[in-house]
Amino acid sequence: MQKYLIMILIIVGLAVSDWLTGNIKAHIKNDYKSSVMRAGLLHKASELLIMITACGFEFGIEELGKYYENSEIGEMTGLITAGFIFIYIVFMEIISIFENYAEINPQAQWATRIIKKLRNNKENDNNA
């Protein structure tokens, strides 16, 4: 159960960081739009809901595997569901945070290089 809480807390932390860097970017560019902020918060809430659902699914399957005395079912399903969803959301959030930072500080070329590398990894994962 602790691993699910850790995954959810990481997702929440990254979502808050992305939201804050997005607000800083909007402040610097003087480009506040409540509709964009509202949509962003709804996206974050949806990501969190998907992660909670995946963790609940994994937990349920693990318990079902114990009931049927086949714990491998839970381990495989957990890797496929919560693990992959977690990795995807983490990549997505980190890319967004770096994109915000690159716009906040255009002189930070290292952030742009990281964004390109992360996007390539994400595209490779999506094509696999």
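The values are calculated or read from the model by the stated rules, or taken from the named source; none is laboratory data. Treat the numbers as computed from the prediction; the structure is a model and nothing was measured. Counting neighbours? That spans all protein chains shown, and the Cβs are built from the backbone with ideal geometry, glycine included. To get the accessible areas, we keep the full protein, side chains included, count just its heavy atoms, and leave off ligands, DNA and RNA. Shrake-Rupley method; radii C 1.70, N 1.55, O 1.52, S 1.80 Å.
Before anything else, pin down the relative contact order of the chain: Cα pairs under 8 Å, at least 6 apart, normalised by residue count, whole percent.
The value is 29 percent.
Enter the accessible area per residue of the chain (Å², integer; probe 1.4 Å; all protein chains in place). Kindly include the intermediate steps, with their values, before the conclusion.
Working: 8610 Å² over 128 residues.
With the other protein chains kept in place, the chain gives 67 Å² per residue.
Using a 1.4 Å probe on the protein heavy atoms, what percent of the accessible area of region 1-47 belongs to carbon and sulfur?
Carbon plus sulfur share of accessible area: 69 percent.
Treat each spin label as a single point 7 Å out from the Cα along the C-beta direction, and report the Y67 to K117 distance in nm.
Here the answer is 4.6 nm between the modelled labels.
Which one, (1) 1.06; (2) 1.15; (3) 1.26, gives Cα Rg over 2.2 N^0.38 Å as derived from the coordinates shown?
Answer by label: (3).
Compute the length gained on full extension between V16 and I52: take 0.36 nm times their separation in residues and subtract their Cα-Cα distance, giving the result in nm to one decimal. List each step's numbers first, then the result.
Values: separation 36, 0.36 × 36 = 12.96 nm, distance 1.64 nm.
Extending this stretch completely gives an extra 11.3 nm.
Per-residue ellipticity at 222 nm for the chain, helices alone: DSSP H runs ≥ 4 residues times -39500 (n - 2.57), over residue total, nearest 500 deg cm²/dmol?
Counting only the DSSP helices, I get -30000 deg cm²/dmol.
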